[in-house]
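The values are calculated or read from the model by the stated rules, or taken from the named source; none is laboratory data. Keep in mind that what you see is a predicted model, and the values were worked out from it rather than measured. Note: ideal-geometry Cβ built from the backbone for every residue, glycine included; neighbour counts use all protein chains shown. SASA here: full protein model, heavy atoms, side chains in, ligands and nucleic acids out. Shrake-Rupley method; radii C 1.70, N 1.55, O 1.52, S 1.80 Å.
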Amino acid sequence: HTTHDTRRQTRTNGKGFIHMAEDEWVLLDRPVEPDGLLEAKTDYERLERLFDKWKIKNRNEPFTKNVVTILGTTSAGKSSFVNHFFRIGVKKVALCQLDTHFTFVEVVPEEEFARIVGRSYERTELSDSAIEADVDDPLTDSRRNLCYTVLNTSLTLSRHTQLEPLSAVFRRNELVSSVLINGYYLRRLVPDESDFNKLANTILIDSPGFTAQAEVKQFLGNLEVLQFLYKISDLTVFFIPSESINLVASQIHMLELSILYAFQGPLRFKTLVKSTLKDREESFRFRVSDLFQLLARQWLTSKKEPELGEYEGTHYFDRIRFVITKIDRVYEKKGGAGISAAEAQFYELGTVLGRNLKFLKPPTFQHCFAISIPSQLGPSFKEEAPPTRDLPRLLSLIYSVNYYSNHLRRLEGAIQVMCGELRGEIEASWYHTARVLTSADVAIVDRCYERSRDRCNSRQLAH
């Protein structure tokens, strides 16, 4: 911790760190607010009042918690990581695909938990091992509606108004659900206030595994959801099993396409896909990799490669990490030569990414991790130090999104979208046509937008 005087004499790097000396960094439990946060909050409130005045429903409220999406193949260890992160077994771990929806997992206070569960809730004392135990059947587990509860699609959409833009897609296919963890039992396991807050301020989105084949309609729906999650997430983590790195080409193509979708917008992207798949029925099945090659060829022949660069002030890989999971399997197979085996996995991952990314430059080494989950280790590691490797570094990265800079980025994104919606609504009104009482509102919208862009540009230059 630093004193008040020290804070005034130093400067923040926008990520919760204070620059004390050239090589000395101090991590603060309560990081310094970045420049522009107060002004952004004020602009957001101004725009909210204009939404009320013009009777427009605001669907752009940013998440109050930090959102981390976990993508990857079937049996990549996504559910195991969710259980490990929150210390409580809430997701069933299996070798085959169980989930067909995206699950929002978060911690809520006991009072809110009791209100959601209803009269059936009654606090019961459990041992730490009982709280941490793996889930055998999420529907019949004795801790359901005690340590955690499950919300269906309708309740999840009601809880998170931020999902409104895709609510029709989510409802039609029952694509989202929620797991709410009772904060009382989590605090039993994590008594430290700072550590508890890091978990309580984070939403993990556990995704279903990608498939190599899909129908046209299903493919477009999956892409629409993935690009949406990419845009609302502070961090996207892509899990790849260490034993099947060379088999994830189609998943990498899906990830790249979803990023391109986010950058290009739905109109241009869907037009491109439909022109590529003309004469094909919606039920037509194809390999994702084959479609990706067709789309890439279409882009290249049109001489209009996707415009990438920056999105909401961040580079497209700044919010993505690639994680090689189950690294302990490689240690076992290599007869204990763990370090060299792990480095070989990084080399293989780099080769696969370089070969399959068509428009995005491959990520750097700092974007890649290799982990194993202690509870999932093989028997040969039970008596020795577990080779979890980069797991602490990955957890620290996720904890670090709990800083003000990410909330500011979400606010800026909401402000800019709100400005566009308000301007369109005002200009389409007869008041604007008659030039009656709209000039002041238009001026407010324009000033809010310009200030937001200026703040984003100044932070980009600072980095």
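Here are a few things to note about the model shown:
- Solvent exposure, largest accessible area first (probe 1.4 Å, DNA, RNA and ligands not counted), of 347, 184, 44, 431: 347, 431, 184, 44
- Amide H contacts of residue 71 (H built 1.01 Å from N, under 5 Å, at least 5 apart or other chain): 237, 238, 239
- Remark on residue 370: its backbone amide H falls under 5 Å from those of 324, 390, a criterion applied only to residues 5 or more positions apart or on other chains, H modelled at 1.01 Å from N.
- Residues whose amide H falls under 5 Å from that of residue 176, counting only those 5 or more places apart or on a different chain, are 102, with hydrogens built in the peptide plane.
- Remark: the range 345-360, residue by residue, has Karplus-estimated 3J(HN,Hα) of 5, 5, 5, 5, 4, x, 5, 5, 5, x, 6, 9, 7, 9, 10, 8 Hz, where x stands for each Gly or Pro and the curve is 6.51 cos²θ - 1.76 cosθ + 1.60 at θ = phi - 60°.
- Taking 0.36 nm per residue of sequence separation and removing the Cα-Cα distance, the residue 276/residue 53 pair yields an extension gain of 75.9 nm.
- Karplus-based coupling profile of the range 137-146, in residue order and whole Hz: 9, x, 7, 10, 4, 5, 8, 5, 6, 10, with θ = phi - 60° in 6.51 cos²θ - 1.76 cosθ + 1.60 and x standing for Gly or Pro.
- Backbone HN-Hα couplings from phi across the range 52-57 [Karplus 6.51/-1.76/1.60, Hz, Gly and Pro as x]: 5, 4, 8, 6, 10, 7
- Computed with a 1.4 Å probe on the full set of protein chains, the accessible area for residue 140 sits at about 100 Å².
- Heavy-atom accessible area ranking, 1.4 Å probe, most first, across 93, 82: 93, 82
- A full extension of the chain between residue 129 and residue 351 corresponds to an added length of 75.7 nm, given 0.36 nm per residue minus the alpha carbon distance.
- Given R0 = 35 Å, the distance between the Cβ atoms of residue 154 and residue 458 translates into a calculated FRET efficiency of 0.25.
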